[in-house]
1. Using label points projected 7 Å from each Cα along Cα→Cβ, tell me how many nm separate ARG359 and LYS276, to one decimal.
2. To check you understand DSSP bridge types, tell me what percent of the beta bridges within the chain (both residues inside) are antiparallel, rounded to 5.
3. Counting only GluC sites (Glu not before Pro) that are in a DSSP loop and have at most 16 other C-beta atoms within 10 Å, tell me the longest site-free stretch of the chain.
4. As an exercise, use a Förster radius of 22 Å and the Cβ-Cβ distance of ALA314 and VAL248 to find the FRET efficiency, rounded to the nearest 0.05.
5. Under a Cβ-Cβ cut-off of 12 Å, what is the net charge of the residues other than GLU243 that fall near it, where Lys and Arg count +1 and Asp and Glu count -1?
6. If you stretched the chain out fully between ALA434 and GLU394, how much longer would it get, using 0.36 nm times the residue separation minus the C-alpha to C-alpha distance?
7. How many nm is it between the label spots at ILE109 and ASN406, if each spot is 7 Å from the Cα in line with the beta carbon?
8. On a C-alpha basis, how far is the centre of the range 317-380 from the centre of the range 142-160 in Å? Whole number, if you could?
Amino acid sequence: MSSKSSTNFSSPDGLVESPFRLAAADMLPQSSGPIPSPHFPLPNAMRSETEASFSDEPFSIPVADRVKRLPPYLFGKINKLKHKKRQDGIDVIDLGMGNPTDPPEQFIIDKMIESLSDARNHRYSVSNGVENLRREVAKRYDRKYGVKLNAASEVIACIGSKEGFSHMCLALMGPGDTAIVPAPTFPIHSYSVMLASGNVIALDVRNPQEFLSNIAYTCEHLFPKPKLVIVNFPHNPSGTCIEQDFYVDLVALAKKYGFLVISDFAYADICYDNYKAPSFLATPGAIDIGVELTTMSKGYSMAGWRIGYCCGNAEMVRALGTIKGYYDYGIFQAIQISAIVAMRHGDESIDRLCEEYQRRRDVLVDGLTRQGWEIEAPKAGMFVWAKVPEPWAEMGSINFAMKLLNEAGVAVSPGRGFGEEGEGYLRLAIVENAQRLRQAVREIGRCLKPESAVA
């Protein structure tokens, strides 16, 4: 199957569709098989979670087609209103972005301060991460998951997992290559592939066994076969979780059909109710066909520090290192030293943080459930995935999110921002403290009291 070459495709709603998205008719022949056809992300899925909105006006300079083909910024209207309210001195409870409000542990900050006084740490660092950091990552994988890694060839430091993920896609994907991504889709999973000139197929991930079946179905019917499968468990935004046997089946499919795997393990550390998120790399044979990206943003509350790591298949790690060698001079060394100390001594602080997030989850889920919302409490992650309650579902998730921001002063992420499969849902981050979350529940209840419902 050849990839599309035209630069402008119109969707039924008049939006511009990227030529890097495959149409269902192009991918699959007519079939009476039991597996449902895959879903595809619509062109106005969320582009970014950044707080600052940037313009979608046409450029006045000749930018590359890859930039022109990026979709409209779906959250622009919400972020502009949120910004205006704050400028006007109006309190907004922000449950939109998974941006931790808790600081790192003091011993991490103290190490950073100490490291700043060493003049050697202010020079360029190595792009793959200092040796002691990579060794510490390998030790942590062994301690937590029983995975033995070669720190020299199977571990690389990243400027946050998002940077590592996007550059890994650039290293692996090219024109005519196809990647399968989970839907609802966290934006970077689609757009890193698109920016690398690859094609995207989004498959609903909320039933993991059906997701596996649809991967197999797609591999059987697509030519050339998908080059890459991206997985993200615990899943953002839906909170879907899996057990280790899922990865056993995925590795078997990868070896059967010849695709590579990237596991986005960003929420590895944030788990509740005695659930432990399994590592893809803990599966026999996984290191033969894939890598796993993890971040220190969540479990260590180091989001703004921008540090994460990629581990696994040595050739994939080497490919990422090749790209990074051209693009960056590595992470500020004082941050890397602080990260080493965090991993050595931070396990207890992660446990305490999970207990705090679980309290917040319970406050939000219990409060909205009492108001009639349909919510399944997540076992992991920093988000609650909530179905838009009746009678407001017909408004659509974007308009409902605007209603909550306008009338309740609560900012949330509309599910439609994560693609068509997210419509009818909201993603609510549990980054605010319990008192603020109780306030959010009260304000939402006041906003949605029966007399305010539209008949």
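1. Label at ARG359, label at LYS276, 2.5 nm between them.
2. Among the beta bridges of the chain, antiparallel pairing accounts for roughly 55 percent.
3. Segment 52-242 is the longest.
4. Computed FRET efficiency for ALA314 and VAL248: 0.50.
5. Surrounding charge for GLU243 is 0.
6. Working: separation 40, 0.36 × 40 = 14.40 nm, distance 3.03 nm.
Residue separation times 0.36 nm, minus the Cα-Cα distance, leaves 11.4 nm.
7. 4.0
8. Value for the Cα centre distance between the two parts: 17 Å.
Every read-out reported here was derived from the displayed coordinates using simple, explicitly stated rules and does not represent laboratory data. Only a predicted model underlies this, so the values are computations on that prediction, with no experimental measurement involved. Neighbour counts run over all protein chains shown; Cβ positions are idealised from the backbone, glycine included.
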